[in-house]
């Protein structure tokens, strides 16, 4: 019997996972990393290009100007949106007394206005250099501290502020730093924090610098800390960056990391980050003068990239390519422009938006809005020749499989539920799956007219997806 079983085990080995099955429950999963994927054949993960939607608002008040920065987009408890940012008309030393914190507001995330007095913090250097705001979504957070923020430089450490309304701010507790002052370069960009419901703790992603073999200067990096109560913080160390093949990604300067829970899948943190290329100069002096950029701000360039993490100290750099390119026009190829704001928001039934600073150091400095379809940052994609994905083993709960997808007129998707060994489960085989053609953000998969998969809930299964000229942006098992 042992001799007969040996060949069978060898055949099944590629399909049998020694790791514990993933626990999906009813949560939504996006294709921004390889977390779910066991194998791809003729299919790939594809990064999508956001649509530029124009100017959200200009940094046009006398206390704002060409050197505003470090924008946080937040959703107040009562609805609508606010954008907080540094006001700075003229360049200066980080943490100078010229820096203040201002805000704009919007009902829909598309049209923005500013109150007559939009300054919420001044004479609070150095925290106004990079004051980064978040709404504490912890269920038992005190109302007087529902709004939270952090800011500071290496000399001060990161200082915590709290507010009941986002307008009147005070230092948290005794005003001591949540992360300490240091002599080395640290904190000198937008550092951020949020309550993670998935991890049941506060997390902070902050700027560090590291030595990289072969580099003569330190590289701008990201580190992480966490806290159970917002009072006591533990530094967890520098982040690592993992490429799509599981190896270490090529080191790059990450200027602002802008990591936040994705609203439709809060266990997954998206980082729409600023990639900085120091001394990579595009414009000459004459071209810089033509766009009226400050003479000190055209010696470097930057763009926007997409990373993700599921907690811990690893970012997935599934896509090394740019997410938002600088674009046409010399005004977009100057230093410190193209820096994204913190947070992604929903601005329509099928639309998510995020924001990017444009024309930094120039008279036309403004915040631009970009959009993607719901969950449409990246997708599982196959071209006309077709392709397939097989997932890792997982358990789920719920009654139906909901997918967010798009096909061409000639394209399609089919789905199969398998057992742990990769065998089609009776009634859920690919041949029994109804061919899906179209473009919808929420559609239930059916097999021979049935959408109910609750009989398989709690079992270890795999998902097989067959695509042709199609994109699968996300899926979930729902009640």
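Bear in mind these aren't lab numbers, they're just calculated from the coordinates by the rules spelled out. Please read all numbers here as calculations on a predicted model, not as lab measurements. Here the Cβ is made from the backbone with ideal geometry for all residues, glycine too, and neighbour counts use every protein chain on show.
Give me the tail of P(r) for segment 298-450 as a percent: Cα-Cα pairs with distance above 21 Å. Counting pairs separated by more than 21 Å, the tail of P(r) holds 62 percent.
Projected label points at residue 285 and residue 107, each 7 Å from Cα along the beta carbon direction, are separated by 5.2 nanometres.
Suppose R0 equals 22 Å. What FRET efficiency, 1/(1 + (r/R0)^6) with r the Cβ-Cβ distance, do residue 52 and residue 116 give to the nearest 0.05? Step by step, r from the Cβ atoms, then E = 0.15. Full extension of the chain between residue 238 and residue 292 gives 15.6 nm of extra length, using 0.36 nm per residue less the Cα-Cα distance.
State, as an integer percentage, the relative contact order of segment 159-312 based on alpha-carbon contacts under 8 Å between residues 6 or more apart.
15 percent
Computed log10 I(q)/I(0) for the chain at 0.06, 0.07, 0.09, 0.13 Å⁻¹: -0.30, -0.40, -0.65, -1.22, from the Debye equation with unit scatterers placed on every C-alpha and solvent omitted.
Which value in deg cm²/dmol, rounded to the nearest 500, describes the helix-derived mean residue ellipticity at 222 nm for the chain, given -39,500 (n - 2.57) per DSSP H run of n ≥ 4 and division by the residue count? Present the calculation step by step, with values, prior to reporting the outcome.
Numbers: 2 runs with 17 residues, N = 479.
The helix contribution divided over the chain gives -1000 deg cm²/dmol.
Put a dot 7 Å past the Cα of residue 168, heading toward its Cβ, do the same for residue 444, and the two dots end up 5.1 nm apart. Of interest is the spacing of the C-alpha centroids, which for segment 195-215 and segment 118-156 amounts to 18 Å. Under 12 Å from a point 7 Å along the Cα-to-Cβ line of residue 61: which residues of segment 76-109 have their amide N that close? Inside the label zone: 83-88, 100-105. Only Cα pairs under 8 Å and 6+ residues apart enter the sum, and on that basis the relative contact order of segment 51-373 stands at 15 percent. Taking 12 Å as the cut-off, the amide N atoms of segment 376-408 that come nearer than this to a point 7 Å along the Cα-to-beta-carbon line of residue 39 belong to 388-392.
A Förster radius of 45 Å combined with the Cβ-Cβ distance from residue 141 to residue 248 puts the calculated FRET efficiency at roughly 0.75. Note on segment 23-120: Cα-only Rg and Dmax are 19.8, 58 Å. Grouping the Cα pair distances of segment 407-464 into 10 Å bins from zero gives a pair-distance distribution of 23, 51, 23, 3 percent in increasing distance order. Counting 0.36 nm for each residue step from residue 277 to residue 478 and taking away their Cα separation leaves a gain of 68.0 nm.
Can you give me the angle between helix 2-12 and the longest principal axis of the chain, using Cα atoms only, in degrees from 0 to 90, rounded to the nearest 10? Taking Cα atoms only, the helix is inclined about 50 degrees.
Which FRET efficiency value, to the nearest 0.05, do you get for residue 454 and residue 409 by plugging their Cβ-Cβ distance into 1/(1 + (r/R0)^6) with R0 = 45 Å? It comes to 0.85.
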